[in-house]
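A short write-up of the structure that comes next.
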Amino acid sequence: MKRIRMAIIGAGIWGENHARIYQAHPFCEVVALCDLNLKKAQDSAARLGVHNVFDSCERMLQAVDCDAVAIVTPDFAHTEPALCAASHKKHILIEKPIATTKDDIIRIMNAVRENGVRAMVDLHNRWSPPFNRAKVAIDQGELGEIYSGYFRLNDVKWVATDMLPWAAKSSILWFLGSHSIDTLNWLFNSRVKRVYSVSREGILKGKGVDTVDEYLTTLEYENGCIAQMENGWITPNANPCVNDIKCNLLGTKGMIAIDASNHNLIQMYTDEKVVVPDVLVQNHIFGAPKGFAFESIRSFVDCLITGDDFHVSLEAAAQASFVVLAILQSAQHRTPVEVNYHGVC
Ligand SMILES: NC(=O)c1ccc[n+]([C@@H]2O[C@H](COP(=O)([O-])OP(=O)(O)OC[C@H]3O[C@@H](n4cnc5c(N)ncnc54)[C@H](O)[C@@H]3O)[C@@H](O)[C@H]2O)c1
């Protein structure tokens, strides 16, 4: 069977995870690694056993033959690598969000279409077992007609203060809100029509990270569904899980309640702390990467091999980013904002 040759742009925390997933796939290999910071790429390549290392996407794609490119650069730096990969006729997996401006989203979508390549954005919550089961229940009518939802998806402070050196140049809405919106759109099988969001800031700014702490957002859907969404980067660090995930989905005949962070599968107690080990999102079993955050990346490779449609379309990813843009505007002006999909989806 054909092997998929992957090149990776961005040798950070998540780029290295991508590499390990491709390397663990029986029909995939990593042929090159690229990072603006060459030393970082070289160190990462040495850990991974990758031989071709570059500090420019253009030079990498001129020098190395590959089938697809994974873009694992910071949230605000997906566009130039995506345009570069498309111009070299490479299929593309883009970390979420697709991009953070309307112009960039349109440029990426046009480049993908004009170059005849395939592209997916890694909106992995669709692979999360409880959310995937909820989707099956909703589509099979087990809840009757889907009516409304509540979705909290927060991170502990540490993600903004320590994990992401570029948190101030992004937003919890790009980092996690894009997952929330894509999940709700997918579950409701509709697009957001209007948003109203309020936000609060000060805690992270006080710690030297110039970004908003939390957004509380009301979403109105084209099919009548309504939802409340909470995205914050200020959950106390002692929270047993990095994420705080709660979701309620109400239909005319039933309800689903998801608590994906306090899943009760396993708790660990010591004299110092309580930990809920992450066995669902990012896990390793006998050394192999398991968990739904890895499953979505593996699925991209699988779909390149089989030719099947990706489970996240580029249009769906663009819709999620357009909603984030509307929320940012709404929170800034403290007023409801209609989502403008004009020119894209
Ligand atoms: N799906 C998930 O579960 C998940 C988890 C974490 C991060 N992410 C996403 O992955 C992306 C990367 O996050 P991270 O935590 O690995 O960040 P990171 O800061 O650890 O790594 C990003 C790397 O990209 C490099 N870079 C920046 N611009 C570049 C360019 N133009 N060309 C080449 N390299 C460039 C930086 O030097 C850095 O080494 C983000 O979009 C983030 O939202 C996804």
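The values are calculated or read from the model by the stated rules, or taken from the named source; none is laboratory data. The structure displayed is predicted, hence computed values, not measured ones. Counting neighbours? That spans all protein chains shown, and the Cβs are built from the backbone with ideal geometry, glycine included. Note: accessible area is taken over every heavy atom of the protein model, side chains too, but ligands, DNA and RNA are not part of it. Shrake-Rupley method; radii C 1.70, N 1.55, O 1.52, S 1.80 Å.
More than 26 Å from residue 227 (Cβ to Cβ) and in the same structural domain as residue 229 (by TED's automatic domain parsing) - does that describe any residue in the range 255-266?
yes
Please tell me if residue 261 is hydroxyl-bearing (Ser, Thr, Tyr), open to solvent by less than 30 Å² (accessible area, probe 1.4 Å), within 15 Å of the ligand (Cβ to nearest atom) and over 30 Å from residue 4 (Cβ atoms). When the stated conditions are applied, residue 261 passes them. Which of the numbered conditions does residue 8 fail, given that it passes all the others? Conditions: (1) under 21 Å from residue 287 (Cβ atoms); (2) of a type in the set (A, V, I, L, M, F, W, C); (3) more than 10 Å from the ligand (Cβ to nearest atom); (4) open to solvent by less than 30 Å² (accessible area, probe 1.4 Å). With respect to (1) under 21 Å from residue 287 (Cβ atoms); (2) of a type in the set (A, V, I, L, M, F, W, C); (3) more than 10 Å from the ligand (Cβ to nearest atom); (4) open to solvent by less than 30 Å² (accessible area, probe 1.4 Å), residue 8 is out only on (3). Selection of the range 297-312 for residues being within 14 Å of the chain's Cα centre (by Cα), assigned to a loop (DSSP other than H, G, I, E, B) and not β-branched (Val, Ile, Thr) yields only 311.
Which residues, taken from the range 267-287, are within 16 Å of the ligand (Cβ to nearest atom), open to solvent by 70 Å² or more (accessible area, probe 1.4 Å) and either basic (Lys, Arg) or in a loop (DSSP other than H, G, I, E, B) (or both)? Matches in the range 267-287: 282 only.
The rows are residues; the columns are (1) within 13 Å of the ligand (Cβ to nearest atom); (2) in contact with a helix residue (DSSP H, G or I) (Cβ under 7 Å, 6 or more places away or on another chain); (3) open to solvent by 20 Å² or more (accessible area, probe 1.4 Å).
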position: 107; (1), (2), (3): no, yes, yes
position: 115; (1), (2), (3): no, yes, yes
position: 121; (1), (2), (3): yes, yes, no
position: 129; (1), (2), (3): no, yes, yes
position: 149; (1), (2), (3): no, yes, no
position: 165; (1), (2), (3): yes, no, yes
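Scoring residue 23 on the criteria (1) within 14 Å of the ligand (Cβ to nearest atom); (2) open to solvent by 70 Å² or more (accessible area, probe 1.4 Å); (3) under 20 Å from residue 297 (Cα atoms) leaves a single failure, condition (1). Among the residues of the range 311-323, the one identified as surrounded by fewer than 21 Cβ atoms within 10 Å (Cβ to Cβ) and within 15 Å of the ligand (Cβ to nearest atom) is 311. Does the range 32-66 hold any residues that are more than 10 Å from the ligand (Cβ to nearest atom) and buried (at least 20 other Cβ atoms within 10 Å of the Cβ), and which are they? Hits for the range 32-66 are 32, 45, 50, 53, 61, 66. Restricted to the range 67-104, and to residues there that are polar (S, T, N, Q) and within 21 Å of residue 325 (Cα to Cα), the residue that is surrounded by the fewest Cβ atoms within 10 Å (Cβ to Cβ) is 101.
Please verify whether the range 168-184 includes one or more residues that are in the same structural domain as residue 147 (by TED's automatic domain parsing), at pLDDT 95 or above and in a loop (DSSP other than H, G, I, E, B). Yes, the range 168-184 contains a residue that is in the same structural domain as residue 147 (by TED's automatic domain parsing), at pLDDT 95 or above and in a loop (DSSP other than H, G, I, E, B).
Based on this model, can you work out whether residue 210 counts as at pLDDT 95 or above, within 20 Å of residue 76 (Cα to Cα) and open to solvent by 60 Å² or more (accessible area, probe 1.4 Å)? Here the answer is yes, as residue 210 does meet what is asked.
Among the residues that make up the range 289-296, is at least one of them without any contact (Cβ under 8 Å) to a residue 60 or more places away in the chain and part of a loop (DSSP other than H, G, I, E, B)? Yes, the range 289-296 contains a residue that is without any contact (Cβ under 8 Å) to a residue 60 or more places away in the chain and part of a loop (DSSP other than H, G, I, E, B).
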